[in-house]
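Beneath this line is the structure, given in C-alpha cells, with notes to follow.
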Amino acid sequence: MSSLARLSLRMGPSAGPSSRVSATAVNRLSTISRHLSSSANPNNKATSSKMSSPHDDLVLFESHHNARLYKLNRSSKLNSLNQEMIDVLSKKIRNWRELESCKVIIGTGDQRAFCAGGDVKQLVLDLKEGKDTALPFFKSEFELNWTLGRLGKPYVAVIDGVTMGGGAGLSLPANIRIATPRTIFAMPETKIGYAPDVGANYYLAQLDGAIGAWLAVTGQELYGRAVYELGIATHYVTPNLLPTIINEITSLDSPTPQQISSIVSSYTSSPSSSSSEGESSKSNPDGYSSIKGEIREFLDKTFGLKSIPEINKALTKAQSDETLSEDTKKWAKAQQDILSQRSPTSTAVALTGYRKAKEARRLDRTLLNDISMATAFCGPNRSTDDFIKGVSSVLIDRSKTAPEWIPGDLSDPKLSLGEITKNFYPSKPSEGQPELELVPSSASKLDSGRDSSWNQFRKFGLPSESDIRSSVDGYSPGSGAFALTEQELVSQFIENHGSPQGQRRKEIEERVRDVVQRRCKKDKQGYLEWK
C-alpha cells in the first residue's frame, strides 16, 4: 500500500472544514513523495514549490508549512558534491538558519544515494592540469559542515542509499539521521590516498569504543541496520515509509528534536525472519551487525592502539592466537587484507585525525585539522602524492590493483605519530592553506575544552555505552544519587527516549541489557556498578 493510501485511510472520511485539512495533508504527502522519488525535470515546473534558478538540476529546495527541504539532485554522479552544489546549498542553509519561519530543515537525496561524497575525480583532474580548485572546494565544504552543525534548530537527514565522505559531512550534524535497508555508509578516503575530513572524526569519535577509529582507518562500508546499530543513524525504517514520516514532520508547527524522534521511532523497522538469521552485508542489509561479542572486544583493543604499525602487528598476531575464535581470526585477517590495499600514509593520517578529534572534543578544532590535512594532501607543497595516485587509480583509470603508495609498508618509520603530525598537522598553517570562515562564530574559545554539541551525537539514537555508564555511575542528568538495578536502568532509558512502543522499545531494552551484561557487575541486592 502506498504512503498516500495509508494516510487517506488513517484520516478516514470527513466532511466540511476537516475535509479541506485532509486534502491539504494528502496534497503535501503527494508533493513530498515526488520530491523523494524523482529527479529534476527542467520542463516540469511542478516538481518543487520553491527552487533556486539556475541550479535546479543540482539542488532542489521546497517549503512545506514551517519546514524547509533540500534535495541533492545530481543522480548521475550519485549526488556527489561539486563547487556549484556547495555554493548554492551554503547560501540557502545560512538563509534558513536565520529565517524565523523555518522551524526544521530536512535533507534528502534520491533512491540510490543521499550523497556519495565530494567530486574528487574532478579535483584531481584539475590538479593534474595545474588548476587550484581542490583547496577552495574543501574550504567551502568545511564551512558548510560547520554551519550545519550550528543551525540552532532541528535538522533531519534522510540517509537513504549511498552516504559516504562528503555525504557524511552533510548528514552527521543532523539531530535525526534516518537510515533504511538501502543505506551504505562509509568514510572511504583511505582507499584513494586521502583521509576522513568534513568534520567526520568529531562524530566518529563519539561512537562506542574504537568503532570510529576502525571506520576511519579501514574505510569499511556499513549496510542498512548496522548503520543504525553502530550509532551512525539514529533511526531505521523501510524506504516506503519515508514520505509519510516527512509529511508528519512537516505538519508540526514548531517541532522539537524529541517530537521528531518520537514520530520516526513509531515507524522503526523490524528485521525480517530471513534477514535476521544472517549478519549485515550488502546482500543482507537488514541483518544484525557482526561487530559484537569477541569481535567487538578485539576491535576495541586493536584499533585503540596508537599507531598503524601497532595495529598491523596486532592483526598479524591474532591470526595465530589460539585463544581467539575462528570468526575473530577471520575478521582480523580480513582487516589486514583491507589495510594492505590502503595508502599507509592515509591510514596513519586517518588514525591521527581521529585521535585528535577524540582529544579535542570540538567541531571547530576538528575542521581546522581537516583543512591542514587537506593542504598537506593537495596543496602547493604537499607532503605526499598518494591522493593524486589513489584517485587516478580508483576513479579515473578504474584499476583493479592498488597504486604504488609511498611509503608502501605499514611498518615504515615515516608513519610514526611524530612524522604524521609534523607533515599533516603542523602547529602553524602551511603555505597555501586556506583560512576557514566559520559562520556562526564559535560560542567558546578554540581549545577551551569540549564544545556544546559534544556527546549529543547519539542522543536520539540507540543508547551509547558512555550514556549508559553515566547513568550507572550517577553522573547522567536525572539518574539520581542512588545506585540502579538493571530494570531501573532499562526503564530510565525507555523514558528518556520518549517511552516508545513496539520494535523501538524492544531495541532500546536489548541495547541496555547487552551493555549491562558486558560492562557491569551486580552486588547482592542487584545494584549495578561499572567494571
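The values are calculated or read from the model by the stated rules, or taken from the named source; none is laboratory data. What you see is a predicted model, and the numbers here were worked out from it, not measured in a lab. Reconstructed Cβ throughout: ideal geometry from the backbone, glycine too, with neighbour counts over all protein chains shown. The accessibility values were calculated without ligands, DNA or RNA, using every heavy atom of the protein model including side chains. Shrake-Rupley method; radii C 1.70, N 1.55, O 1.52, S 1.80 Å.
Restricting to region 478-504, count the residues that are hydroxyl-bearing (Ser, Thr, Tyr) and either open to solvent by 100 Å² or more (accessible area, probe 1.4 Å) or in contact (Cβ under 8 Å) with a residue 40 or more places away in the chain (or both).
Result for region 478-504: 1.
Is it the case, given these coordinates, that Ala205 is hydrophobic (A, V, I, L, M, F, W, C), in contact with a Lys or Arg (Cβ under 8 Å, 6 or more places away or on another chain), open to solvent by less than 10 Å² (accessible area, probe 1.4 Å) and farther than 30 Å from Thr238 by Cβ?
yes
Answer yes or no: is there a residue in region 235-247 that is among the aromatic types (Phe, Trp, Tyr), at pLDDT 95 or above, closer than 17 Å to Ile508 by Cα and not in a strand (DSSP E or B).
no
Answer yes or no as to whether Thr347 is in contact (Cβ under 8 Å) with a residue 60 or more places away in the chain, within 26 Å of Asp208 (Cβ to Cβ) and either assigned to a helix (DSSP H, G or I) or open to solvent by 10 Å² or more (accessible area, probe 1.4 Å) (or both).
yes
Taking region 457-477 only, how many residues are touching a residue at least 60 places away in the same chain (Cβ under 8 Å) and either out of contact with any strand residue (DSSP E or B) (no Cβ under 9 Å at 6 or more places or on another chain) or over 18 Å from Glu509 (Cα atoms) (or both)?
7
Select from region 365-389 the residues that are outside any loop (DSSP other than H, G, I, E, B), open to solvent by 10 Å² or more (accessible area, probe 1.4 Å) and touching a Gly at 6+ places or on another chain (Cβ under 9 Å) and list them in ascending order.
Residues satisfying the conditions are Asn369, Ile388, Lys389.
Show the residue pairs meeting these rules: Cβ distance below 8 Å; 6+ apart or different chains; first residue within region 427-439 and at pLDDT 95 or above; second residue of a type outside the set (S, T, N, Q) and part of a loop (DSSP other than H, G, I, E, B).
From region 427-439, the pairs are Gln433/Gly379; Glu435/Pro429.
State which residue is nearest to Phe460 (Cα to Cα) when the search covers only region 505-524 and only residues that are touching a strand residue (DSSP E or B) at 6+ places or on another chain (Cβ under 8 Å) and surrounded by 14 or more Cβ atoms within 10 Å (Cβ to Cβ).
Val516
Step by step: first the residues of region 234-247, then only those that are free of Cβ contacts under 8 Å to residues at least 60 places away in the same chain and crowded, with 23+ Cβ neighbours inside 10 Å, then the one that is farthest from Ile308 (Cα to Cα). Which residue is that?
Out of the qualifying residues, it is Val237.
Considering each of Gln456, Gln503, Gln492 in turn, give the residue that is over 25 Å from the mean Cα position of the chain (by Cα) and either not in a strand (DSSP E or B) or not aromatic (Phe, Trp, Tyr) (or both).
Exactly one residue qualifies, and that residue is Gln492.
Looking only at region 223-233, filter to residues that are closer than 24 Å to Arg505 by Cβ and out of contact with any helix residue (DSSP H, G or I) (no Cβ under 7 Å at 6 or more places or on another chain); which one of those is surrounded by the most Cβ atoms within 10 Å (Cβ to Cβ)?
Ile232
Does Ser453 fit the bill of being hydroxyl-bearing (Ser, Thr, Tyr), open to solvent by 70 Å² or more (accessible area, probe 1.4 Å) and either out of contact with any Phe, Trp or Tyr (no Cβ under 6 Å at 6 or more places or on another chain) or closer than 21 Å to Pro173 by Cβ (or both)?
No, not satisfied.
State which residue pairs qualify: first residue closer than 16 Å to Gln122 by Cβ and touching a residue at least 40 places away in the same chain (Cβ under 8 Å) and inside region 394-408, second residue open to solvent by 50 Å² or more (accessible area, probe 1.4 Å) and of a type in the set (A, V, I, L, M, F, W, C) in any location, beta carbons under 9 Å apart, and separation of 6 or more residues or different chains.
Final answer for the pair search is Ile396/Leu125.
For Glu359, are the conditions met, namely being open to solvent by 60 Å² or more (accessible area, probe 1.4 Å), charged (D, E, K, R) and over 19 Å from Val217 (Cα atoms)?
no
Quick one: which residue in Val515, Val472, Val490 is farther than 20 Å from Arg177 by Cβ and in contact with a Cys (Cβ under 9 Å, 6 or more places away or on another chain)?
Exactly one residue qualifies, and that residue is Val472.
Based on this model, can you work out whether Ala332 counts as more than 19 Å from Leu415 (Cβ to Cβ) and open to solvent by 10 Å² or more (accessible area, probe 1.4 Å)?
It is false that Ala332 is more than 19 Å from Leu415 (Cβ to Cβ) and open to solvent by 10 Å² or more (accessible area, probe 1.4 Å).
Within region 157-167, is there a residue that is open to solvent by 10 Å² or more (accessible area, probe 1.4 Å), within 25 Å of Pro271 (Cα to Cα) and out of contact with any helix residue (DSSP H, G or I) (no Cβ under 8 Å at 6 or more places or on another chain)?
Scanning region 157-167 turns up at least one residue that is open to solvent by 10 Å² or more (accessible area, probe 1.4 Å), within 25 Å of Pro271 (Cα to Cα) and out of contact with any helix residue (DSSP H, G or I) (no Cβ under 8 Å at 6 or more places or on another chain).
Would a scan of region 440-450 turn up a residue that is assigned to a loop (DSSP other than H, G, I, E, B), among the hydrophobic types (A, V, I, L, M, F, W, C), open to solvent by 50 Å² or more (accessible area, probe 1.4 Å) and at pLDDT below 95?
Yes: region 440-450 contains one or more residues that are assigned to a loop (DSSP other than H, G, I, E, B), among the hydrophobic types (A, V, I, L, M, F, W, C), open to solvent by 50 Å² or more (accessible area, probe 1.4 Å) and at pLDDT below 95.
If a residue has to be in a helix (DSSP H, G or I) and either touching a Pro at 6+ places or on another chain (Cβ under 9 Å) or buried (at least 21 other Cβ atoms within 10 Å of the Cβ) (or both) to count, how many in region 54-92 make the cut?
Residues meeting the conditions: 4.
Which of the residues belonging to region 429-454 are closer than 18 Å to Ser90 by Cβ and hydrophobic (A, V, I, L, M, F, W, C)?
Within region 429-454, Leu436, Leu438, Val439 meet the criteria.
Of the residues in region 302-329, how many are free of Cβ contacts under 8 Å to residues at least 24 places away in the same chain, among the small types (Gly, Ala, Ser) and either surrounded by fewer than 19 Cβ atoms within 10 Å (Cβ to Cβ) or closer than 27 Å to Lys389 by Cβ (or both)?
1
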